[in-house]
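Note sheet for the following structure.
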Amino acid sequence: MQTRVVMLADFDYFFAQCEELRNPDIKDKPIVVGVYSGRTEESGAVSTSNYIARKYGVKSGMPLFLAKRKLEGTEAVFFKVDHEYYDQISDRIMQIFRNYATSLEQVSVDEAYLDVTEQVEGSFEKARDYAQKIKEDVKAQVGISFSIGVGPNKLVAKIACDSQKPDGLTIIKPEETKAFLAPLEVDRLLGVGKKTMVRMEQMGIKTIGDLAKYDCQMLIEVFGKASGIYFHNAANAVDNEPVVEQGEAESISRIGTLKQDTCDLEFILQKTNELTEGVYRDLTNRAASFKLVSIYVVNVDLSSKSRSVTLEQSAKDKETIKRNIRMLFEKFLAESPLQVRRVGVRVSVFSKEEPRQKQLSSFFL
Ligand code: TTP
Ligand code: CA
């Protein structure tokens, strides 16, 4: 197989940078973007903050009152999340990326993989200038900075990107991958959570280098076949996952109208559980698995919104759909004051049995 050149672009302190973009005069102040739960003026959590606020110890997920306390005496500015605006900025950047890549895989609102092998003729030397050009183009057209990691596959590109932020550009050539990964702790690998990390530590595995040397058969015995092989390959920087356009996934969805307009989570979930049954029936008929779960909401004022979550590993079961739908609605209701009229459930499907098809219909039609 030809050596690939894969990039991961990850926008810097994204929501907060978007706020800086439309309020340039506050660029030098700490900026916090939060989700306000609405219970009291102060209740809610930090979505993200700019790097100035991070210096004071502000972190994503932290309660807002704590962030306020840490920033006391500064000229900190607080914003409420505005997903619609961030999505627009994100879409504009993704469109620019399309001009630079053979395939583009958007993994979240602020992250995308680009396969640029052809464009740089497989050369990691050329990739540096190329990445720089993409950064400059986006900066000039949209005004947003981001970090880029470049590697021979998605796994290395992602860890390279994380290693230097903000405005980073980290290139790991194929011959450097193992030495680059070796000293890092195992939890830098996707799929190694707290529990796995503890288990590995008991086995004497602390770094990715330790894991790379560990007997693959033993890993299979402890973690099962799929995970054992995955950990072994990942630690050895082996990852053949292609950069796949999200649009190539076909989706299964159901939409329905609630008996009454509401903001009540459990009432909404009764409806989405019904809809999930239909989605699940189609899913099993096609023997398909999914990696993306989405909700669709039509509010009383007829405005519509959607929210999605990408799973770390593809799934096939109903419970995973329900659990993620609940999580998405919990988040959504905490952010949106409007009553809900119609709701939809969607999974994006990757079918093993059939060849991938282009998306057949637009969202929820
Ligand atoms: P991240 O890429 O994790 O963070 P970031 O872009 O703010 O900062 P950086 O990449 O420079 O470290 O997340 C992307 C966006 O997702 C972020 O701007 C806000 C949102 N987000 C949340 O809403 N809650 C969270 O807990 C996290 C981690 C992110
Ligand atoms: Ca980011």
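The values are calculated or read from the model by the stated rules, or taken from the named source; none is laboratory data. Keep in mind that what you see is a predicted model, and the values were worked out from it rather than measured. All Cβ positions, even for glycine, are placed from backbone atoms using ideal geometry, and neighbour counts span all protein chains on display. With ligands, DNA and RNA removed, areas are computed over all heavy atoms of the protein, side chains included. Shrake-Rupley method; radii C 1.70, N 1.55, O 1.52, S 1.80 Å.
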TODO: For residues that are over 18 Å from the mean Cα position of the chain (by Cα) and within 8 Å of ligand 1 (Cβ to nearest atom), scanning just the stretch 36-60, find the one that is most open to solvent (accessible area, probe 1.4 Å).
DONE: Y51
Open item on the list: Of everything in the stretch 303-341, what is open to solvent by less than 70 Å² (accessible area, probe 1.4 Å), closer than 19 Å to I252 by Cβ, touching a residue at least 12 places away in the same chain (Cβ under 8 Å) and among the charged types (D, E, K, R)? Give them in sequence order.
Closed with: R307, K318, K322
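Output the residues belonging to the stretch 266-286 that are assigned to a helix (DSSP H, G or I) and surrounded by fewer than 16 Cβ atoms within 10 Å (Cβ to Cβ).
Pass one, the stretch 266-286, residues assigned to a helix (DSSP H, G or I): 266-285.
Selection gives E266, F267, Q270, N273, E274, E277, G278, R281, D282, T284, N285.
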Task: V300 vs. criteria in contact with a strand residue (DSSP E or B) (Cβ under 9 Å, 6 or more places away or on another chain) and open to solvent by less than 30 Å² (accessible area, probe 1.4 Å) - done: no
Open item on the list: Exactly one condition in (1) away from ligand 2 (no atom under 16 Å from the Cβ); (2) at pLDDT 95 or above; (3) not polar (S, T, N, Q) is false for K195; which is it?
Closed with: (2)
Task: Any pair with Cβ under 7 angstrom, 6 or more apart, that starts in the stretch 67-82 at a residue that is hydrophobic (A, V, I, L, M, F, W, C) and ends at one that is open to solvent by 40 Å² or more (accessible area, probe 1.4 Å) and part of a loop (DSSP other than H, G, I, E, B) - done: L71/Y56; A76/K29; V77/K29
Task: Residues satisfying the stated conditions in the stretch 1-19, i.e. in a strand (DSSP E or B) and either modelled with pLDDT under 95 or within 6 Å of ligand 1 (Cβ to nearest atom) (or both) - done: D10, F11
Open item on the list: If a residue counts only when it is closer than 22 Å to V6 by Cβ, which helices (runs of 4 or more DSSP H) contained entirely in the stretch 34-130 have at least 2 such residues?
Closed with: 83-98
TODO: Kindly indicate whether any position in the stretch 97-104 is within 14 Å of ligand 1 (Cβ to nearest atom), within 16 Å of the chain's Cα centre (by Cα) and within 20 Å of N240 (Cβ to Cβ).
DONE: no
